Amino acid sequence: MHQHGLFDVQLRHEKIKKYATMLDQLNSLIDWEDFRQTLETIRNKERKSNAGRKPFDVVLMFKILVLQSLYNLSDAQMEFQITDRFSFMAFLNLNLNDRVPDEKTIWLFREELTKAELIKPLFDQFEQVLSANGFAAQKGQIVDATIVSAPKQRNSREENKQIKEGDVPEAWDSKPNKKRQKDTDARWTKKRNVTYFGYKNHVNIDVEHKFIREFEVTSASVHDSQVVKEIIDHDNSGEDFLADGAYVGQEISDALEAAGLKNCINEKGYRNHPLTEEQKASNRAKSKIRSRVEHVFGVQSQRAGSLLLRSIGIVRAKTKIGLRNLSYNLSRYAILSKGG
């Protein structure tokens with residue numbers, strides 16, 4: 001059998017680099033060390049003992065979570081793909097003889113990020129990078145929401161009623177293993193006569209560059225219009241605020257006026273009060289711009305498939321969805337920076 005040497009591995013890496021993948025572009029554009037100070041806050045606690053292996057580098061682990069989000073992989077799949085793919089190893093600066101974090105280590109690191117509530121700070125930190133490199137939010141903002149499915153719960157009607165009222169069924173207290181597998185934060189909702197269970201990813205993108213500038217995660221039952229105030233981008237240099245007819249309402253109009261924004265939300269017709277031809281034409285003109293937000297959800301779904309949460313509870317959902325939004329911005333930055 002042919003023995004593979006060091007130069008064989010180097011040649012393989014060089015051949016892969018010729019294809020100039022998005023991962024190569026990300027490594028050449030982004031100084032990952034900029035995230036270290038924020039990430040190191042989860043390691044501030046002193047180790048009780050120097051025995052055993054040292055934990056994996058926080059920047060390495062963060063890059064693994066970015067990879068995981070870009071390709072929508074489970075923790076087990078992530079461990080295998082890092083071991084199997086030269087492109088993943090190159091992105092992570094790992095050699096064949098380096099240790100690869102196992103699925104439990106990946107899960108634990110994501111848990112640490114979740115407990116430290118670091119996803120939003122990391123997201124905002126990269127927003128500063130975008131602004132500093134010529135991609136500041138411009139020409140107005142667009143908001144929309146998409147449903148993120150969670151594993152469906154097989155509960156009784158009475159149990160669902162108690163959960164909806166904010167209570168945990170008492171019967172679950174005697175079954176801790178069952179209780180740990182129950183997501184009491186996710187909710188049911190219906191869209192276009194299809195029923196979904198899970199959460200919502202509410203995003204605000206800028207018209208010019210189509211980066212996600214703000215986001216909020218809620219249960220799926222929360223109406224799109226209820227989180228507008230939380231995701232208004234006050235740093236966007238444009239004044240236009242675009243959204244579909246789901247965001248119509250006096251409260252939203254007042255919030256936009258208070259923020260100094262121009263209400264460009266699509267008008268909505270009602271029974272016995274249909275839209276005029278002029279209003280329809282205005283909606284069509286707005287929709288040509290507003291539809292840019294669909295590109296964001298489309299790219300996320302096309303590249304990684306529909307996100308199915310493999311976690312329990314809204315706290316972990318915010319981490320997973322936040323990582324997906326940050327990873328989208330990272331990949332978008334790579335594309336725009338090379339003129340794509």
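If I filter region 127-160 down to residues being charged (D, E, K, R) and not in a helix (DSSP H, G or I), which single residue comes out as surrounded by the fewest Cβ atoms within 10 Å (Cβ to Cβ)?
Here is the first cut: in region 127-160, the ones charged (D, E, K, R) are 127, 139, 144, 152, 154, 157-159.
Then keep just the ones that are not in a helix (DSSP H, G or I); that gives 139, 144, 152, 154.
Numbers: Lys139: 14, Asp144: 22, Lys152: 13, Arg154: 7.
This residue is Arg154.
Is it the case that region 82-98 has a residue that's within 20 Å of the chain's Cα centre (by Cα), in a loop (DSSP other than H, G, I, E, B) and farther than 17 Å from Ile64 by Cβ?
No: zero hits.
Would you be able to say whether some residue in region 142-164 is under 23 Å from the mean Cα position of the chain (by Cα) and closer than 30 Å to Asp31 by Cα?
Yes: region 142-164 contains one or more residues that are under 23 Å from the mean Cα position of the chain (by Cα) and closer than 30 Å to Asp31 by Cα.
Restricting to region 225-249, name every residue that is within 11 Å of Asp206 (Cα to Cα) and among the polar types (S, T, N, Q).
Asn236, Ser237
Please determine, by comparing only the residues of region 229-240 that are under 18 Å from the mean Cα position of the chain (by Cα) and of a type outside the set (Asp, Glu), which one is surrounded by the fewest Cβ atoms within 10 Å (Cβ to Cβ). Steps first, please.
Pass one, region 229-240, residues under 18 Å from the mean Cα position of the chain (by Cα): 230-233.
Next cut, of a type outside the set (Asp, Glu) only: 231-232.
Numbers: Ile231: 17, Ile232: 20.
The residue in question is Ile231.
The rows are residues; the columns are (1) more than 29 Å from Gln181 (Cα to Cα); (2) at pLDDT 95 or above; (3) out of contact with any Leu (no Cβ under 9 Å at 6 or more places or on another chain).
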| position | (1), (2), (3) |
| --- | --- |
| Val59 | yes, yes, no |
| Ile64 | no, yes, no |
| Glu127 | yes, yes, yes |
| Gln138 | yes, yes, yes |
| Ser149 | no, no, no |
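Starting from region 187-198, take each residue that is more than 17 Å from Ile163 (Cα to Cα) and list its partners that are at pLDDT 85 or above and of a type outside the set (D, E, K, R), counting only C-beta distances under 8 angstrom and pairs at least six apart or across chains.
Lys190/Tyr196; Lys191/Ile147; Thr195/Trp188; Thr195/Thr189
Please count how many residues of region 116-141 are among the basic types (Lys, Arg) and under 17 Å from the mean Cα position of the chain (by Cα).
Start the filter on region 116-141 by keeping residues that are among the basic types (Lys, Arg), which leaves 120, 139.
Then drop every residue that is not under 17 Å from the mean Cα position of the chain (by Cα), which leaves 120.
Residues meeting the conditions: 1.
What residue, among those in region 250-272 that are within 28 Å of the chain's Cα centre (by Cα) and over 16 Å from Glu230 (Cα atoms), is surrounded by the most Cβ atoms within 10 Å (Cβ to Cβ)?
Residue satisfying both the conditions and the ranking: Ile265.
Can you pull out the residues in region 218-244 that are of a type in the set (S, T, N, Q), within 17 Å of Ile314 (Cα to Cα) and assigned to a loop (DSSP other than H, G, I, E, B)?
Answer for region 218-244, where residues must be of a type in the set (S, T, N, Q), within 17 Å of Ile314 (Cα to Cα) and assigned to a loop (DSSP other than H, G, I, E, B): just Ser221.
Run Ser337 past the list (1) free of Cβ contacts under 8 Å to residues at least 40 places away in the same chain; (2) over 18 Å from Gln141 (Cβ atoms) and report the number of the one that doesn't hold.
(1)
Looking only at residues in region 96-116 that are touching a residue at least 40 places away in the same chain (Cβ under 8 Å) and farther than 15 Å from Ser311 by Cβ, which one is surrounded by the most Cβ atoms within 10 Å (Cβ to Cβ)?
Restricting to residues being touching a residue at least 40 places away in the same chain (Cβ under 8 Å) and farther than 15 Å from Ser311 by Cβ, the top hit is Pro101.
Restricting attention to region 319-340, which residues are modelled with pLDDT of 90 or more, among the basic types (Lys, Arg) and either surrounded by fewer than 21 Cβ atoms within 10 Å (Cβ to Cβ) or under 22 Å from Gln25 (Cβ atoms) (or both)?
Within region 319-340, Arg324, Arg332 qualify.
Within region 117-138, work out how many residues are over 17 Å from Leu336 (Cα atoms), of a type outside the set (Phe, Trp, Tyr) and in contact (Cβ under 8 Å) with a residue 24 or more places away in the chain. Outline the logic, then answer.
Step one: of region 117-138, the residues over 17 Å from Leu336 (Cα atoms) are 117-125.
With the extra rule that they be of a type outside the set (Phe, Trp, Tyr), the set shrinks to 117-122, 124-125.
Going one step further and asking which of them are in contact (Cβ under 8 Å) with a residue 24 or more places away in the chain, we end up with 118-122, 125.
Of the residues in that region, 6 qualify.
Which count do you get for residues in region 277-293 that are within 16 Å of Val207 (Cα to Cα) and either polar (S, T, N, Q) or more than 32 Å from the chain's Cα centre (by Cα) (or both)?
Filtering region 277-293 for residues within 16 Å of Val207 (Cα to Cα) gives 285-293.
Still in the running and either polar (S, T, N, Q) or more than 32 Å from the chain's Cα centre (by Cα) (or both): 287, 291.
Matching residues across region 277-293 total 2.
The values are calculated or read from the model by the stated rules, or taken from the named source; none is laboratory data. As the structure is a prediction and not an experimental result, all values here were calculated from the model. Cβ: placed from backbone, ideal geometry, glycine included. Neighbour counts: every protein chain shown.
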